[in-house]
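Read through the structure below, which is laid out as structure tokens, and then see the notes.
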Amino acid sequence: MIYADNAAQCPPSREAIDAAVYAMNNSGNPSGLHSRSSVAARLLFEARRKVAAALGAQQSEIIFTASGTEADNLAIFNGAANGSRHKIIVFAAEHKAVLNSAKSFTRIFGGAVEYIPCLPSGTADLDALAKMADGDTALVSLMHANNETGVIQPVAEAARIAHSVGALFHTDAVQTAGHIPVSVRELGADMLSISAHKFGGIAGAGALWCRANLKLLPLISGGGQERGLRSGTEALSAVSAMGTALEQACSAMAQNAARVSAMRDNLQERLSDIAGVRFPGGDSVRLPGTLCAVFPGHNGEQTALMLDRAGICVSAGAACTTGDAGASHVLTAMGISPAEAECAVRFSLGAENTADEIEIIAEKVHEIIR
Ligand code: PLP
């Protein structure tokens, strides 16, 4: 089996699995008083230290959550509740975790969501953002890199625009953490989300980084875990695995990025002679492993299913948008017609792929499209 769907879920690393198993077998509830709770508290501390170090943050700024989606919701709800401002501005090509939490907030509390247009390159239109942002803007959210095209976004510049009107700024770094450098200070964000299963951890853990001095309110209240910002007993095995996986991904980042992007470029090259093929975002700076390809006249889901039958796992658009049939909102935001957008396939490579696998994927795609 060839796995080329790393943007949906990266295979967990051996070390992350070991960390999860160790936590399961040796620890109790981190909030308790006995010795197994002390082990748990130490593991929690270690995980927080590793996550903070990977992001260039302080440990006290990390809030563990159960997913990237939860981290996004926590950020959007808190950012949107900034003072008496009414407007939330999000990128039109965000993940649904951001788009739908912004909609939910306005449905519950009022206000309006406005969308930063996406340029045909897959990049957010910051000239438009500069015109939209004003004294009524509570929050601007722009993802660090897009999950369908891999296009890396001008986050630091967007943060400057947001701050120039006194708005807060959030970035969804779910696709970038562990793959390209993520420094909360360099990005200039106020809040940043990550998710463990995108960089070799296991699903069930995520985190929100929130800059010190920014007061948050919890979405989930209860026993006061995570400094009262996210109650509920921590999923220690997943959190512990997340710390280990992120530390590991960061230390192998430069080497992996060079090898994975060379394979991605080779795959793009090998597919480029297919009639009518286009690679949305292909001319922009992208994540190392992500390749979005549109094969006009060939439904993307069908292509993905046929590749699966040939032993190759890819996705048609974003795998994590469950049951959401139809054209990708990311690709249509880039100006691609809905009919063509339905012909998209996302290949997302990782450190475990090999050059031989790229040849096999390219051959099978040619065979299927023929
Ligand atoms: N944000 C982006 C950019 C994503 O790609 C994903 C998942 O694919 C999420 C948020 C949601 O993360 P999770 O699956 O951990 O809820």
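The values are calculated or read from the model by the stated rules, or taken from the named source; none is laboratory data. All figures in this text were calculated on a predicted structure; none of them were measured in a lab. Here Cβ is always computed from backbone atoms with ideal geometry, including for glycine, and neighbour counts include all displayed protein chains.
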_Quick check on V90: is it buried (at least 24 other Cβ atoms within 10 Å of the Cβ), modelled with pLDDT of 95 or more and within 11 Å of the ligand (Cβ to nearest atom)?_
no
Result of the Cβ filter at 9 Å on segment 44-71, keeping first residues that are in contact (Cβ under 8 Å) with a residue 24 or more places away in the chain and partners that are part of a strand (DSSP E or B) and away from the ligand (no atom under 16 Å from the Cβ), at least 6 apart or interchain, is E61/C210; I62/C210; I63/C210
Residue hits (segment 184-195; among the hydrophobic types (A, V, I, L, M, F, W, C), touching a residue at least 60 places away in the same chain (Cβ under 8 Å) and either surrounded by 24 or more Cβ atoms within 10 Å (Cβ to Cβ) or closer than 18 Å to A81 by Cβ (or both)) are M191, L192, I194
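Yes or no, residue by residue, for (1) more than 16 Å from the ligand (Cβ to nearest atom); (2) of a type in the set (S, T, Y):
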{"residue": "N82", "(1), (2)": "yes, no"}
{"residue": "R85", "(1), (2)": "yes, no"}
{"residue": "V98", "(1), (2)": "no, no"}
{"residue": "I116", "(1), (2)": "no, no"}
{"residue": "D127", "(1), (2)": "yes, no"}
{"residue": "T137", "(1), (2)": "yes, yes"}
{"residue": "S141", "(1), (2)": "no, yes"}
Log entry, pairs with first residue in segment 161-183 being without any contact (Cβ under 8 Å) to a residue 24 or more places away in the chain and among the small types (G, A, S), second being within 16 Å of the ligand (Cβ to nearest atom) and in a loop (DSSP other than H, G, I, E, B), beta carbons closer than 7 Å, six or more apart or on different chains, reads none
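Which of the residues spanning segment 261-274 are touching a residue at least 24 places away in the same chain (Cβ under 8 Å) and over 22 Å from the mean Cα position of the chain (by Cα)? Working first, answer last.
Just the residues of segment 261-274 that are touching a residue at least 24 places away in the same chain (Cβ under 8 Å), to begin with: 261, 263-264, 266-268, 270-271, 274.
Result: N266, L267, Q268, R270, L271, I274.
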Being at pLDDT 95 or above and crowded, with 17+ Cβ neighbours inside 10 Å narrows A53, A47 down to just A47
Per the filter on segment 135-159, residues in a strand (DSSP E or B) and closer than 15 Å to G281 by Cβ are A145, V151, I152
Flagged in segment 355-366 as in contact (Cβ under 8 Å) with a residue 24 or more places away in the chain and not hydrophobic (A, V, I, L, M, F, W, C), in numbering order, are E357, E359, K364, H366
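Those residues that are among the aliphatic types (A, V, I, L, M), surrounded by fewer than 18 Cβ atoms within 10 Å (Cβ to Cβ) and either in a helix (DSSP H, G or I) or under 25 Å from the mean Cα position of the chain (by Cα) (or both), I need them from segment 289-313; list them, please. Before you say what the answer is, go through the steps one by one.
Applying the first criterion (among the aliphatic types (A, V, I, L, M)) to segment 289-313 yields 291, 293-294, 304-307, 310, 312.
Checking the rest, the ones that are also surrounded by fewer than 18 Cβ atoms within 10 Å (Cβ to Cβ) come to 305-306, 310.
Residues satisfying the conditions are L305, M306.
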Picked from segment 196-233 (must be surrounded by 24 or more Cβ atoms within 10 Å (Cβ to Cβ) and more than 13 Å from the ligand (Cβ to nearest atom)), the residue farthest from S60 (Cα to Cα) is G200
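Residues in segment 42-97 that are part of a helix (DSSP H, G or I) and under 22 Å from I116 (Cα atoms): how many? Working first, answer last.
To start, the set of residues in segment 42-97 that are part of a helix (DSSP H, G or I) comprises 42-55, 59-61, 68-80, 96-97.
If we keep only those that are under 22 Å from I116 (Cα atoms) too, we end up with 68-69, 71-80, 96-97.
Residues flagged as part of a helix (DSSP H, G or I) and under 22 Å from I116 (Cα atoms) within segment 42-97 amount to 14.
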Checked pairs for segment 96-112, first over 18 Å from D136 (Cβ atoms), second near the ligand (Cβ under 10 Å from one of its atoms) and modelled with pLDDT under 95, C-beta under 6 Å and 6 or more apart or across chains, list as K96/T321
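Please specify each residue of segment 60-80 satisfying the condition of being within 14 Å of the ligand (Cβ to nearest atom), polar (S, T, N, Q) and surrounded by 24 or more Cβ atoms within 10 Å (Cβ to Cβ). Outline the logic, then answer.
Keep residues of segment 60-80 that are within 14 Å of the ligand (Cβ to nearest atom), which gives 64-76.
So of that shortlist, the ones also polar (S, T, N, Q) come out as 65, 67, 69, 73.
Within segment 60-80, just T65 meets the criteria.
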Listed by first then second residue, the pairs whose first member lies in segment 331-350 and is under 15 Å from P296 (Cβ atoms) and in a loop (DSSP other than H, G, I, E, B), whose partner is β-branched (V, I, T) and modelled with pLDDT of 95 or more, with beta carbons under 6 Å and at least 6 positions apart or on separate chains, are C343/V294
Item to complete: Would you be able to say whether some residue in segment 314-334 is among the acidic types (D, E) and surrounded by 14 or more Cβ atoms within 10 Å (Cβ to Cβ)?
Response: no
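Name the residues in segment 26-44 that are among the small types (G, A, S), touching a Gly at 6+ places or on another chain (Cβ under 9 Å) and surrounded by fewer than 21 Cβ atoms within 10 Å (Cβ to Cβ), would you?
Those that are among the small types (G, A, S), touching a Gly at 6+ places or on another chain (Cβ under 9 Å) and surrounded by fewer than 21 Cβ atoms within 10 Å (Cβ to Cβ): S31, S35, S37, S38, A41.
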